[in-house]
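Have a look at the structure below before the remarks.
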Amino acid sequence: MKLLSITTTLFIGYLILIACKSATLGPEFPITDFSEYDYIVVATVDNAVHEEEGYQPLKTFNITIKKCLKGNLNVGNHIYGEAKKEEARAVCPVHLNENSDYLLLLTKSIAGYRLSRFSFPVEHNHRYFEDYIEQIEKGLKDTKN
């Protein structure tokens, strides 16, 4: 009975492992239409709470704004947010590392700030981090003209 339980657990773990795919980001940021996002920021993650089961998806986060590319947040603002509840469609959930800087695309609703797994949060040590910021700034500027 114990062997069956272990085998079942391992099989479920394997299915979970192959079910989602982390995005492999190349030199071009995958989002070019930023109209659905209310805020685009570079922020330090002060706190991140993740689920304890499955893929351990993000539940909530606290961040400090370092740079605001879109929206009316100021450098130094502290905000609280939650992971957006959405259908996975084979995209792995968001994981944020505390004390790391990220490029984040956020939406705002009555319930607060939301971070989607489809907004491709990028950690500061990513090879194209600075390039993505430049691309987004250019894209936002081009939509204003």
**Unmet criterion (only one of (1) within 27 Å of Val49 (Cβ to Cβ); (2) in a helix (DSSP H, G or I); (3) aliphatic (A, V, I, L, M)) for Leu140** = (1)
**Message:** Being in contact (Cβ under 8 Å) with a residue 12 or more places away in the chain, touching a helix residue (DSSP H, G or I) at 6+ places or on another chain (Cβ under 7 Å) and not small (Gly, Ala, Ser) narrows it down to one residue among Pro93, Pro57; which is it?
**Reply:** Pro93
**Request:** Select from the stretch 83-106 the residues that are in a strand (DSSP E or B) and at pLDDT 95 or above and list them in ascending order.
**Result:** Asp101, Tyr102, Leu103, Leu104, Leu105, Leu106
**Message:** Within the stretch 107-122, take every residue that is assigned to a loop (DSSP other than H, G, I, E, B) and of a type in the set (Gly, Ala, Ser) and give me the one that is modelled with the highest pLDDT.
**Reply:** Ser116
**Asked** In the stretch 52-62, is there at least one residue being crowded, with 18+ Cβ neighbours inside 10 Å and either aromatic (Phe, Trp, Tyr) or more than 21 Å from Cys92 (Cα to Cα) (or both)?
**Response** yes
**Prompt:** Here are some conditions: (1) part of a loop (DSSP other than H, G, I, E, B); (2) of a type in the set (Val, Ile, Thr); (3) closer than 26 Å to Gly26 by Cα; (4) over 13 Å from the mean Cα position of the chain (by Cα). Val75 meets all but one. Which one does it not meet?
**Reply:** (3)
**Message:** Condition first: surrounded by 13 or more Cβ atoms within 10 Å (Cβ to Cβ) and closer than 13 Å to Val45 by Cβ. Now tell me which residues in the stretch 87-97 satisfy that.
**Reply:** Val94, His95, Leu96
**Request:** Pull up the stretch 98-136, narrow it to residues that are among the hydroxyl-bearing types (Ser, Thr, Tyr) and over 13 Å from Ala43 (Cα atoms), then point me to the one that is surrounded by the fewest Cβ atoms within 10 Å (Cβ to Cβ).
**Result:** Ser109
**Message:** If a residue must be touching a Leu at 6+ places or on another chain (Cβ under 7 Å) and aromatic (Phe, Trp, Tyr), how many such residues does the stretch 44-71 contain?
**Reply:** 1
**Complete:** Filtering the stretch 32-46 down to residues that are more than 13 Å from the chain's Cα centre (by Cα), assigned to a loop (DSSP other than H, G, I, E, B) and surrounded by 14 or more Cβ atoms within 10 Å (Cβ to Cβ) yields Phe34, Asp38
**Asked** What single numbered condition from (1) at pLDDT 95 or above; (2) not in a loop (DSSP other than H, G, I, E, B) fails to hold for Val49?
**Response** (1)
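The values are calculated or read from the model by the stated rules, or taken from the named source; none is laboratory data. Since we're looking at a predicted model, the values are computed, not measured. Don't worry about glycine lacking a Cβ; one is built from the backbone with ideal geometry, like all the others, and counts go over all protein chains shown.
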